[in-house]
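Just below is one structure, and these are the notes that go with it.
The values are calculated or read from the model by the stated rules, or taken from the named source; none is laboratory data. Given the structure is predicted, the values throughout are model-derived calculations rather than measurements. Note that each Cβ is placed from the backbone with ideal geometry, even for glycine, and that neighbours are counted across all protein chains shown. To get the accessible areas, we keep the full protein, side chains included, count just its heavy atoms, and leave off ligands, DNA and RNA. Shrake-Rupley method; radii C 1.70, N 1.55, O 1.52, S 1.80 Å.
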Amino acid sequence: MLDVLVIGSGGAGLSAALAAKEAGASVLVVGKMYPTNSQTAMAQGGMNAALGNVEEDHPSLHIQDTIKSAHGLCNEDMVRHLCADAPKTIEWLEKIGVPFSRLPQSIEVSQSDTNQRSSLLAPHSSLKSIAQRQLGGASAKRACYAQDYTGLKILHTLYDTCLKEGIDFLDEHFLLNLIVPEDTVKGATFLDIRSGEVKQIDAKSVVIATGGYGALYHGYTTNMYGATGDGIAAVMRAGGALSDMEFVQFHPTGLKHSSILMSESARGEGGYLVNTKGERFVDELKPRDEVSRAIFAQIQAGGSVFLDLRHLGEEKLQTLLPQEVALCKLHEKIDPAHALVPIKPVAHYTMGGIDVDEALEVNGIKGCFAAGECSNAKVHGANRLGGNSLLEITAFGRFAGENAYKHSIYASSKPANGEQKEKDIAAIEAIYARPLTHNHYTMQRTLGRLLYEKVGIVRENRTLHQALEMVIAMQVEQKEMGLADKNRTHNQTLVELLEFQNALLIAPAIISAAIARDESRGAHFKKGFEAEDEAFKKHIVLQWKREER
Amino acid sequence: MKITIKRDKSVESFEVSEGLTLLAALYEIKEKQDASLTFSSGCRASICGACAVRVNGKEVLACAHKINENDTVEPLQYHPVLRDLKVDKQKAKETLKRASAWLHQPQISVEITPEDEHRTERQSDCILCDSCYSACPVFAVNPDFLGPFALTRAYRYSEDKRESNVKEIIDHIQTNGVWDCTLCGECTAVCPKGIDPKMDITMLRGTSLQHGYSDPNFTAQSFGTPDFGGGFGF
Ligand SMILES: Cc1cc2nc3c(=O)[nH]c(=O)nc-3n(C[C@H](O)[C@H](O)[C@H](O)COP(=O)(O)OP(=O)(O)OC[C@H]3O[C@@H](n4cnc5c(N)ncnc54)[C@H](O)[C@@H]3O)c2cc1C
Ligand code: SF4
Ligand code: SF4
Ligand code: FES
């Protein structure tokens, strides 16, 4: 029986696997795609750590900034843990070979300064040459980066290191359910996407690292298609707790037609936001939620909003934002050096997720840990600070891996019976047996639009209630929904339908938490309740009662 | 607009909307015409590497290709086709392991400059889309070739200042490795990230020579023709 089963092979999953293996565990990483396909590859901006390489900085300032951005909803001990671990985590990434961007020697701070600021780091270390840039909400240049490919390069280096350490992978296996006979996890069931079989994998501990639920906002999100919160849904079905589900961060600048991200650096470098009349209407450098609301107001009033980068000039754009220029040309058919870039705010990061304790163990399921965007470790609170997510997935990914190993040492090695597997086989057979009445691809777009319009940037109780009714109606329809492709092997439609079922399961969790929160805080903004309310300085936790499961 | 797709057992044409990326067109077909059409994708932003296919005989990312009238789409070459446009990348991925493309003996008590960073910046942009592997003609004759992306990645680590045991990497890329490449440049021509595996392989050959290896083809040839030196083709 495996010591540690890691589900999800993005940055959090790979970090967990490496740490568990290092501690001495037998490890298997299971994912629905190949590891390097994970959303972690999409992160561009950077990863926070108070190294103080460019200007004075200290972990205590990082802690302060994070707490401020969380708007009273974080666990300050967890924030301290995260920020204090950051330099050490960068050091680990540096050691496995992440190709961070570097400082020209001339900019490097003088020796006497570094001694004081970076006392955490060994002298003469290559860490001191890691470049750091400014991201929104940070009181110093704190984000370490690798050009505009930070996530890509971290993910790939983690993957290469996993190959080096001989970590076993099982790709193209889709998590169906956790096996939790008596409040303690015993493994999980998977659909082998290739063969179509349902498989049971027994393990003493499980780490869930399946990413966030931004893709519920289909068509209105920077996230990849598969960010459907599968692991969160599995925890919910198994009786574990979810929390802070109403907090979804919207990024002000997604491309209008494709929702692809135009990174914050576009504004950081001096880009303007203008409306249909060509007028600027907001201070572009305000926090993401404020800028998003200002843009949304323009669009609600019937206008359009554009990012104006023309004054930066062709040359500067090519050196600063090459990825973005290419994406604009391809997806919006415009050259940002000469034309306005049409944009809209889109769902970008989900703060809520699986409710975990300070050891990252899932509340309600013993032996099951959660790390990365799927988990709510209470470090982001009501609003995530840019650059803290890549930090969380590596630092807490490792922490979850270590803790999972510790749990496995004393866990029983008696495997679960095949009950869950039989249930899952029956559920899949039922899908195959149903006639096709609804096309889930069409419904998926309907859901995306519904959530964006009614559970989006600006919320209102009346429309939230409408949304809840509509989603519940969709849940009912979905129970009748068959498959348009009845093939048994390599059934992409089946996988995407299962993802959609997960989306429909957690959508009501987002909406009901949003309804319950009669105030505005961080990313959650509600008309009629525009101020923060002390009475709501708490987490909204959702958990199914045993008999509901 | 008409596009043609080479599927498992048939070649089929579909009418799709204009102005779409190929990936959007594939989803349009899946939603409105034939749900059984199978392909891979993820980020739709040219970064996850999941969606590479061949269009009119050339490898492209489906999410970065604007469709044209009469485009013909087929799965990547030298990968077992699983279903329609979806291929098995397992074997190709194993080349990374065989090439031991990672840091073997890291040391971080070194100074790293922006120049050091830029030396392998491009190589580390690789998204493992397998386009270059599909374009490489060597796989037609030697399925065990390490191939362009694994060698590029081996090069990227061998040039990393933090690697204190470059020889270990070089040792792993001799058999079915750097000397099996014909330097045809097909890989370079298709890479969506502008990576030049052919150049990286040439550089690795240089490093291999420094570590005492030699071109086995060259030795073989000069063996047969003692006054070899008049160039190839004689
Ligand atoms: C465009 C963009 C830019 C960003 N920029 C930044 C940035 O600059 N800085 C920053 O800190 N953060 C950034 N973020 C956020 C950050 O990238 C993510 O929060 C982070 O990468 C999440 O990592 P993860 O490992 O938790 O999940 P992911 O990388 O999403 O990985 C999830 C894994 O789980 C697997 N999985 C999911 N469901 C299943 C299932 N049912 N069965 C089996 N496997 C499954 C997936 O295949 C995948 O391997 C950005 C996000 C986006 C979308
Ligand atoms: S240059 Fe070498 S690796 Fe690249 S395609 Fe040609 S033979 Fe293959
Ligand atoms: S080198 Fe280029 S073509 Fe080859 S896998 Fe990497 S990104 Fe794709
Ligand atoms: S879908 Fe990710 S590279 Fe095309």
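Points worth noting:
- Per-residue average of Cβ from other chains inside 10 Å of A:285-298: 0
- A versus B: buried accessible surface, summed, Å² (probe 1.4 Å, to nearest 100): 5100 Å²
- Checking every one of the GluC sites (Glu not before Pro) in the range A:144-183 against DSSP loop status and a limit of 16 other Cβ atoms within 10 Å picks out A:Glu165, A:Glu182.
- Hz values of 3J(HN,Hα) by residue in the range B:78-89 - Karplus curve (6.51, -1.76, 1.60), Gly and Pro given as x: 6, 10, x, 7, 8, 6, 6, 9, 8, 10, 8, 9
- Principal axis box of the range A:419-534, alpha-carbon based, largest edge first, Å: 53, 31, 22
- Reduction of at least 30 Å² in accessible surface, 1.4 Å probe, comparing all protein chains with the chain by itself, residues of the range A:331-354: A:His331, A:Lys333
- Distant-in-sequence amide H partners of A:Thr276 (H built 1.01 Å from N, under 5 Å): A:Ser304
- Whole-angstrom gap from the range A:1-35 to the range A:49-91, using each part's C-alpha centre: 26 Å
- For chain A: relative contact order, % (alpha-carbon pairs under 8 angstrom, 6 or more apart): 22 percent
- Quotient of C-alpha Rg and 2.2 N^0.38 Å, computed over the range B:2-87: 0.96
- Antiparallel DSSP beta bridges within chain B, as percent of all bridges there, nearest 5: 85 percent
- Calculation over all alpha carbon pairs of chain A in 20 angstrom steps from 0 returns a P(r) of 22, 57, 20, 1 percent.
- For a straight C-alpha distance cut-off of 17 angstrom, the lysines reachable from B:Lys30 (same-chain residues fewer than eight places away being disregarded) are A:Lys486, B:Lys2, B:Lys6, B:Lys86.
- Among the trypsin sites (Lys or Arg not before Pro) in the range B:1-89, those located in a DSSP loop and surrounded by at most 12 other Cβ atoms within 10 Å of their own Cβ are B:Lys9.
- Charge context of A:Arg102, other residues only, Cβ under 9 angstrom, K/R +1, D/E -1: -3
- Neighbour cut-off at most 12 other Cβ (10 Å), DSSP loop, trypsin sites (Lys or Arg not before Pro), the range A:350-459: none
- Principal axis extents of the Cα atoms in the range B:90-218, from largest to smallest and rounded to whole angstrom, are 44, 33, 25.
- Peptide-level mean, for A:30-37, of C-beta atoms on other protein chains within 10 Å: 5
- Scalar couplings 3J(HN,Hα) for the range A:367-383, obtained by applying the Karplus form with A = 6.51, B = -1.76, C = 1.60 to θ = phi - 60°, are x, 10, 10, 9, 9, x, 5, 6, 9, 10, 8, 6, 9, 9, x, 7, 7 Hz; x denotes Gly and Pro.
- Carbon/sulfur fraction of accessible area - chain B, other protein chains in place, 1.4 Å, %: 52 percent
- Evaluating 6.51 cos²θ - 1.76 cosθ + 1.60 at θ = phi - 60° for every residue in the range B:117-134, the Karplus couplings come out as 4, 5, 4, 10, 4, 4, 4, 7, 7, 4, 9, 6, 8, 6, 4, 5, 4, 5 Hz, glycine and proline recorded as x.
- The range B:84-116-the range B:170-212 distance, computed between alpha-carbon centres (Å): 14 Å
- In plain terms, the bigger the Kirkwood radius, the slower the diffusion; for the range A:206-324, with that radius from Cα pairs, at 37 °C and 0.692 mPa s, Stokes-Einstein puts D at 200 µm²/s.
- With all protein chains in place and a 1.4 Å probe, the accessible surface of chain A carries 52 percent carbon and sulfur.
- With a cut-off of 11 Å between beta carbons, the residues surrounding B:Asn56 carry a summed charge of -1, where Lys and Arg count +1 and Asp and Glu -1.
- Average Cα contact separation per residue, the range B:2-87, under 8 Å, 6 or more apart, as relative contact order %: 35 percent
- Occluded residues from the range A:204-245, i.e. those whose accessible area drops by 20 Å² or more once the chain is not alone (1.4 Å probe): A:Met224, A:Tyr225
- Contact-buried residues of the range A:253-283, at a threshold of 20 Å² lost accessible area versus the chain by itself: A:Ile260 (1.4 Å probe; DNA, RNA and ligands ignored).
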